[in-house]
Protein chains: 2
Amino acid sequence: MLAAVIHGARDVRAEERPDPVLRTPHDAVVRVVAACVCGSDLWPYRGVTPTREPHPIGHELVGVVEELGAEVTSAQVGDFVILPFSLSCGRCQSCRAGFPAACDVVTFFGSTDRDGHPVDGAQGQKVRIPLAQHSLFPVGLSEQEVEARGLVPHLLALADVMSTGMHAAVSAGVREGDVVAVVGDGAVGLSGVIAAKLLGAARIVAMSRHQDRTALARAFGATDVVAERGPDAPAAIRALLDGNLADAALECVGTQESMAQALAVVRGGGRIGFVGVPNGGPELPVRELFSRNLTVGGGMASARRYMAELLPHVLSGAIEPGRVFDLTLPLAEIAEAYAAMDERRATKVLVRP
Amino acid sequence: MLAAVIHGARDVRAEERPDPVLRTPHDAVVRVVAACVCGSDLWPYRGVTPTREPHPIGHELVGVVEELGAEVTSAQVGDFVILPFSLSCGRCQSCRAGFPAACDVVTFFGSTDRDGHPVDGAQGQKVRIPLAQHSLFPVGLSEQEVEARGLVPHLLALADVMSTGMHAAVSAGVREGDVVAVVGDGAVGLSGVIAAKLLGAARIVAMSRHQDRTALARAFGATDVVAERGPDAPAAIRALLDGNLADAALECVGTQESMAQALAVVRGGGRIGFVGVPNGGPELPVRELFSRNLTVGGGMASARRYMAELLPHVLSGAIEPGRVFDLTLPLAEIAEAYAAMDERRATKVLVRP
């Protein structure tokens, strides 16, 4: 089969790889219908995080179940499924508490499972799914229905970006009537706008400088746009809000600057939901949190949980998170998919195997 | 009048100071009935934070209103009042949102007010109270009633430690049925035990090594005690909880070690309420928060808000937070009050002017 492999900085190739097979009774094999490139894939692509040896890449996919291990009863062969970007057991304390992203045996695409077997990347034609019992999420529609209704991008968004935007808003405790600032105008930030609206935010300020992304943010529910950064950002927010700051902020980037901006634009007692993968591990200024009574929560989204909550909104057409995809390419052109996102020619690229 | 002044490390003296007078129409003058020494007073006492020049000290008091500025209508002369350890306007966005500790013009005892006037310390015979309209909190009883019912220590505890323990539990989102670990067995940690019980925690693990404090923790509602620290602490918690970790932790110390311990004893998706004054500014490990989905909130408690919520529980006798005071001294012996706490001969010292 064909699958994407990262070899090093700016070197992602579509290569022939062995077809996946069941390795344990807890596995499934899924034929990929669509995958995509994530903002976090750009860290190794840009060499910010090093690639020590070539490995398959990609962690977002929708597809059709082809094979099931004997212990997997949560789906049927032929089911159209979404996979969360992290795989989980569903049984440990963190899973039971609603945080499968912090599962005791959390397993990632392109990595190794708890039994030591390699796990395929999602940017490929097929993927072996460990921990399939809890990880497979059938949407209740056939592949034909999904394609006919044009739902592929919207369902694929639930695998990561939309669930991650939701986690930002939930972690920031967004509630009816809140003023919410969204830091980051990538696919996750745009999804955060959708999530803040779903949770009842009265006013949503998209912090963005890019006109095309601003337009989509407004379509998703942003009521205001602020282009200012650094010390000018809180001043711009105050100018918008009669001297006030936001009740909550969604940090959807993952740099020290973006976190500082999120902290700066909320009032005393404000809440920050952070979901940007911390790049280089910026630490949080605990004295600022202390004196300004800020609460910071978030992290890796438990997509398995949020996709279940969000599916009805996608099926009803109430939300269209797949609008973040602005380019579709065949898997064979995976190198161009990465380059387009790296050079900001695309917000998010959908890949068809 | 007599008042405590800190001159440097291990040098706190009871000295004659000028009697306070009203300086603005927003002030009050309060005669102190009781004050006390705070764990955070020990940072300058120990020289961990330097004392650049001598200044009055102490930030917890109950007393009787002696004089009121023309603009202060929230209390009457003769009222028995509690003062929160930070003074606030009640009008800015943070105050209105329920976070007066993060008030735009937050003012501290022993410091300077927004008009540049010096503010007395609470460890004295009288105190000028700036921002009196919002800061004075009359309890609705006369001084004679308060003394006759033995309520002085319990009401004084609301000025800081009990409100701070409550802020830890509220910030950790403690709810019915939670397992809560309390890191720190000082007066704030012990108050955190009371707060966790008030909020419905099913199991409260006091992390303590001191037998007298352990006994009080159990009297306040702790169901378990864990003496282990460092990497042994989560193992001890798992041994208690059938392999599980706590849902929430209250960080009531303020060191890097205590924060690390609080982070280590909660499950994935766990919540940490932190109220220990960060000593030396340990930063929070954002990657650990990210991968384990931890939420950290808290900071300086909005005592003005919590004292109102907690007063009925004190008046009904449901909680007795004043039991954290295990030594009472006259103001003239303030040096011994600090020494007794520094040397851990006392958990918390009540001072009578």
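Read the figures in this text as sums done on the coordinates, not as results from a lab. Note that the structure is predicted; figures quoted are calculated from it, not measured. Here the Cβ is made from the backbone with ideal geometry for all residues, glycine too, and neighbour counts use every protein chain on show.
For this structure, a couple of remarks:
- Net +/- balance of residues flanking B:ARG267 in space, Cβ distance below 12 Å, scoring K and R +1, D and E -1: +1
- Lys-Lys pairs in the protein assembly as shown that are eight or more residues apart or on separate chains and whose Cα atoms lie under 22 Å of each other come to 4.
- Counted by Cβ distance under 12 Å from A:ASP178, the other residues give a net charge of +3, where Lys and Arg count +1 and Asp and Glu count -1.
- Based on C-alpha pairs under 8 angstrom that are at least 6 apart in sequence, region B:162-298 has a relative contact order of 27 percent.
- Sorted ascending by nearby beta carbons within 10 Å, beginning with the fewest, A:SER142, A:SER208 become A:SER142, A:SER208.
- Per-residue Karplus couplings for region B:340-349, computed as 6.51 cos²θ - 1.76 cosθ + 1.60 with θ equal to phi - 60°, are listed in order as 5, 6, 4, 8, 6, 7, 9, 6, 7, 10 Hz, Gly and Pro entered as x.
- For the residues of B:96-106, the average number of beta carbons from a partner chain within 10 Å of their own beta carbon is 4.
- Shape call, region A:165-298: gyration tensor on alpha carbons, a/c limit 1.5: rounded
- Other-chain or far-sequence residues with amide H under 5 Å of B:VAL349's (modelled H): B:VAL37
- Derived scalar couplings ³J(HN,Hα) [region A:117-129; Karplus, 6.51 cos²θ - 1.76 cosθ + 1.60; whole Hz; x for Gly, Pro]: 7, x, 10, 5, x, 7, 7, x, 7, 9, 9, 7, 10
- Cα centroid of region A:1-74 to Cα centroid of region B:1-28, whole Å: 68
- Inter-copy spacing of A:PRO312 label points, which lie 7 Å from Cα along Cα→Cβ, given in nm from shortest upward: 3.5
- Distances, shortest first, from the label point of B:GLN211 to those at the same position in the other copies read 7.7 nm; the point lies 7 Å along Cα to C-beta.
- Taking the centroid of alpha carbons for each part, region B:215-282 and region A:222-269 are 33 Å apart.
- Entry note, the protein assembly as shown: the mean residue ellipticity at 222 nm calculated from DSSP H runs of n ≥ 4, each adding -39500 (n - 2.57), is -8000 deg cm²/dmol after division by the residues and rounding to the nearest 500.
- Sequence-separation-based contact order of chain A, relative, with Cα cut under 8 Å and 6+ spacing, percent: 19
- Copies compared at A:PRO54 - label distances in nm, ascending, label defined 7 Å from Cα in the Cβ direction: 7.7
- Cα gyration tensor shape for chain A, rounded if a/c is under 1.5, else prolate or oblate: prolate
- Exposure proxy ranking, count of Cβ atoms within 10 Å, fewest first, for A:PHE85, A:PHE274: A:PHE85, A:PHE274
- 12 Å beta-carbon shell around B:VAL5, net charge (K/R +1, D/E -1): -3
- For the listed peptides A:92-100, A:155-163, B:43-51, A:176-184, a ranking on the average number of other beta carbons within 10 Å per residue, highest first, reads A:155-163, A:176-184, A:92-100, B:43-51.
- With a 10 Å cut-off around each Cβ of B:269-278, the average count of Cβ atoms from other chains is 4.
- Likely footprinting exposure, B:HIS26, A:HIS167, A:HIS7, B:HIS55, fewest C-beta neighbours within 10 Å first: A:HIS7, B:HIS55, B:HIS26, A:HIS167
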